[in-house]
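Below: the structure, in structure tokens.
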Amino acid sequence: MEQILLKNVEGTKLADIKNYTAVGGYESAKKAMTSMTIAQIIDEVKKSGLRGRGGAGFPAGMKWDFVPKDFKGPRHLCCNADEGEPGTFKDRELLEKNPHLLIEGMIIASYAIGAELSFIYIRGEFVKAANTLEAAIAQARKQGFLGEKIFGTDKKVDIIVHRGAGAYICGEETALIESIEGERGNPRVRPPFPAVVGVFGKPTVVNNVETLAAVPSIIKNSGQWYAAIGVPPKNTGSKLYAVSGHVNKPGVYELPMGTSLKDLIYNYAGGIKNNKQLKGVIPGGSSTPVLLPEEIGVSMDFDSLAKAGSMLGSAAVIVMDEDVCTVEESLRLSEFYAHESCGQCTPCREGTVWMTKILDRIEHGQGVQGDVELLERVSANIMGNTLCPLGDAAAMMMLGFLKKFKAEFAQHIQMGKCPVNKK
Ligand SMILES: Cc1cc2nc3c(=O)[nH]c(=O)nc-3n(C[C@H](O)[C@H](O)[C@H](O)COP(=O)(O)O)c2cc1C
């Protein structure tokens, strides 16, 4: 498959608008703005089968279509560049190396939903990416691709980069909206959904960086073209997989959606470091349930991973070798969720802290009989009982580790110490 998102990024400095336009950049935005109706654009994106790359896999064209057509007044597009899920670093690759592709996708999406002012919400730690984006936006404005009367039309689209302060919860779309409004990033009750009541009370579409960056290629080549890549009809297009952990070649790989996890680890990422054995793989960011070595034949797409009892999530593949202690690993992740919980919902605020306390005592040799069952009960009581899925993410992670590595947890309790780590 020819690369779509990372094409030309190595060797060509695509963050410079001269280089980006030299390889056909902004032609798709021009085509959309000057020769296509809003309905045609949305139809093309629907035909492409493009599903959101932020985690939930919601069809992008359908989301755009939800924005009320008869609403009088401003609407907004928010690009979610928070990228806070542990293990996830695919969007940063695009933000730093191909910012104009994202801007071009945002121009098209803004036009399609009737937004004249759009936002990129970027996590505070991404200083280089935010500076790169701001420079790219300034270049695009200078060229007449952003601002008033763009591409010689009477249409207006502008983009503001909004830097967050580095809170995982601000990647959740309603918390992100609160944060843009200057409030503390607490998720909102839904309904109303952002497509109806979003930023500053106006209809808003929130899309991930990778989702929006796929749009120019769809407008250029057609939805049908995009839909033929990957696993049609429901898992189409190319996908950025971020591979980290105990592999020889960690990195971001753009491959057809549905590449097997085994191929990704052993072929693209060069196999397990130091010829160690594989112990487990988290396939889609820290919240997605862990898979065992015998399960890595799975196709890395939304529906296949769901069928395998996990999730594609943000497609952040975390590879763990034989020396990893799964109690220590889940403790580390649990600490993260407890720290990042916004605290609004009791099951998440209290549950993640209890989960951490129990894991901590198991890992440090003070686990008691019944702790595994207690962890299961605490997780089950978080699941589905919170305003946003942060609590579910913590519970899914925990239940995944308990399902696949229960014996290791029991062994810690029985032995009164960690059997894996040579401490
Ligand atoms: C706690 C939490 C953190 C999230 N972080 C991100 C994020 O960093 N980036 C992102 O695109 N989506 C994130 N999401 C998902 C967003 O809420 C939303 O579904 C997504 O931005 C929609 O874009 P998409 O349809 O293009 O996938 C997060 C969700 C939760 C619950």
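Observations
- Residue satisfying all of: in the stretch 166-192; away from the ligand (no atom under 11 Å from the Cβ) and of a type in the set (A, V, I, L, M, F, W, C); farthest from the chain's Cα centre (by Cα) among these: V189
- Residue tally, condition surrounded by 21 or more Cβ atoms within 10 Å (Cβ to Cβ) and more than 14 Å from the ligand (Cβ to nearest atom), over the stretch 58-75: 1
- The residues of the stretch 106-158 that are outside any helix (DSSP H, G or I), among the β-branched types (V, I, T) and within 24 Å of the chain's Cα centre (by Cα), listed by number, are I120, I122.
- Of all positions in the stretch 142-152, none carries a residue that is touching a Leu at 6+ places or on another chain (Cβ under 9 Å) and either touching a residue at least 24 places away in the same chain (Cβ under 8 Å) or more than 19 Å from I17 (Cα to Cα) (or both).
- Residue that is surrounded by the fewest Cβ atoms within 10 Å (Cβ to Cβ), among those in the stretch 200-229 that are farther than 23 Å from P99 by Cα and under 21 Å from the mean Cα position of the chain (by Cα): A227
- Criterion (farther than 27 Å from A167 by Cα, under 23 Å from the mean Cα position of the chain (by Cα) and of a type outside the set (A, V, I, L, M)) met by exactly one of S299, S310, S330: S299
- Contact annotation: residue pairs with Cβ atoms under 7 Å, 6 or more positions apart or on different chains, pairing a residue in the stretch 92-117 that is in contact (Cβ under 8 Å) with a residue 40 or more places away in the chain with a partner that is of a type in the set (F, W, Y), are L95/F126; H100/Y20; E104/Y26; I107/F145; A109/W64; A112/W64; I113/W64.
- Within the stretch 34-49, being part of a helix (DSSP H, G or I), surrounded by 15 or more Cβ atoms within 10 Å (Cβ to Cβ) and of a type in the set (G, A, S) holds for one residue alone: S48.
- Condition check for L240: among the hydrophobic types (A, V, I, L, M, F, W, C), touching a helix residue (DSSP H, G or I) at 6+ places or on another chain (Cβ under 9 Å) and not assigned by TED's automatic domain parsing to the domain that holds I113: yes
- Members of the stretch 193-203 that are more than 10 Å from the ligand (Cβ to nearest atom) and not aromatic (F, W, Y): A195, V196, V197, G198, V199, G201, K202, P203
- Look at the stretch 345-363: where a residue is more than 16 Å from M396 (Cβ to Cβ) and a partner is of a type in the set (G, A, S) and in a loop (DSSP other than H, G, I, E, B), sitting 6+ places away or on another chain with Cβ atoms under 8 Å, you get R349/S341; R349/G343; I358/G367; R361/G367.
- For the stretch 118-138, the tally of residues that are away from the ligand (no atom under 16 Å from the Cβ) and in contact (Cβ under 8 Å) with a residue 40 or more places away in the chain stands at 3.
- Restricted to the stretch 204-231, and to residues there that are within 15 Å of the ligand (Cβ to nearest atom) and not in a helix (DSSP H, G or I), the residue that is farthest from Q3 (Cα to Cα) is T204.
- Of all the listed residues (K262, K249), the sole one being assigned to a helix (DSSP H, G or I), over 24 Å from E172 (Cα atoms) and of a type in the set (K, R) is K262.
- Output for the stretch 5-57, where each listed residue is in contact with a strand residue (DSSP E or B) (Cβ under 7 Å, 6 or more places away or on another chain) and either assigned by TED's automatic domain parsing to the domain that holds D301 or more than 16 Å from the ligand (Cβ to nearest atom) (or both): L6
- Within the stretch 377-423, the set of residues being of a type in the set (F, W, Y) and under 22 Å from the mean Cα position of the chain (by Cα) comprises F401 only.
The values are calculated or read from the model by the stated rules, or taken from the named source; none is laboratory data. Since the model is a prediction, treat every value here as computed from it, not as a measurement. Note that each Cβ is placed from the backbone with ideal geometry, even for glycine, and that neighbours are counted across all protein chains shown.
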